[in-house]
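First comes the structure, then the notes that go with it.
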């Protein structure tokens with residue numbers, strides 16, 4: 001797969017860049033395609049932009065020129081704070097999720113597919129970055145320096161960038177016959193449920209981090225891909241339920 005946007009994704013100055021563009025696209029597409037057809041149809045015109053551009057909004061926003069930053073601020077900030085990855089400050093993370101769910105839902109209710117899909121793109125990025133194995137120790141240790149201290153790189157790999165290598169790709173996947181489900185009957189209830197699942201997915205990533213680092217040092221691609229695709233699928237399932245919930249809150253899901 002090729003990258004869709006000419007934006008730098010390996011910027012050392014940014015500690016928040018996680019999955020590369022094609023993986024964001026892969027996860028967002030899997031989540032979107034698992035929605036019932038009637039719901040997918042409502043965003044049919046926006047689907048290509050959702051998977052190729054909108055799900056990258058937080059990365060674009062972080063590096064945007066002033067005019068573009070001003071335009072994207074509505075989709076990428078809440079209370080003067082950028083929405084990008086969980087902070088592990090529960091009140092802030094709940095605020096981010098609730099803000100995005102409410103705005104996606106409100107735009108669906110208003111039949112404004114373009115606005116809904118742009119908020120949905122930021123929602124995708126927030127969930128996808130947070131559940132990326134390379135972000136298992138983010139925000140305090142995005143480069144995974146702790147893992148380098150615990151497991152020093154072998155000879156010849158002293159300069160390896162664990163974060164960059166781990167986040168690089170994921171095998172193709174879809175959600176098969178899995179049906180998305182509502183995360184709650186109100187935005188606050190849904191945000192709390194979704195956040196608990198995001199935190200749980202991160203803990204799973206943390207539990208497998210030592211094994212993943214060993215595989216990375218050994219260039220064991222099958223083992224690395226196993227960890228990557230499991231994390232990507234977990235993120236896609238959470239995202240699919242977030243989208244379904246937004247449609248449900250908007251009254252767009254048939255009872």
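What follows draws every value from the coordinates through simple rules; no lab data is involved. The structure presented is a predicted model; accordingly, all values stated were derived computationally and were not measured. Neighbour counts are summed over all protein chains in view; Cβ atoms, including those assigned to glycine, are modelled from backbone coordinates with ideal geometry.
Things worth noting here:
- Residue selected from region 224-233 under the condition surrounded by 16 or more Cβ atoms within 10 Å (Cβ to Cβ) and farther than 11 Å from residue 30 by Cβ, by the criterion nearest to the chain's Cα centre (by Cα): 231
- Of residues in region 192-211 being without any contact (Cβ under 8 Å) to a residue 12 or more places away in the chain and closer than 15 Å to residue 138 by Cα, the one farthest from the chain's Cα centre (by Cα): 207
- Residue 109 vs. criteria surrounded by 15 or more Cβ atoms within 10 Å (Cβ to Cβ), over 20 Å from the mean Cα position of the chain (by Cα), over 18 Å from residue 213 (Cα atoms) and in contact (Cβ under 8 Å) with a residue 60 or more places away in the chain: yes
- Search result, residues across region 216-255 that are within 27 Å of residue 164 (Cβ to Cβ) and part of a loop (DSSP other than H, G, I, E, B): 218, 219, 220
- Residue match in region 170-191 (condition: over 30 Å from residue 42 (Cβ atoms) and free of Cβ contacts under 8 Å to residues at least 40 places away in the same chain): no
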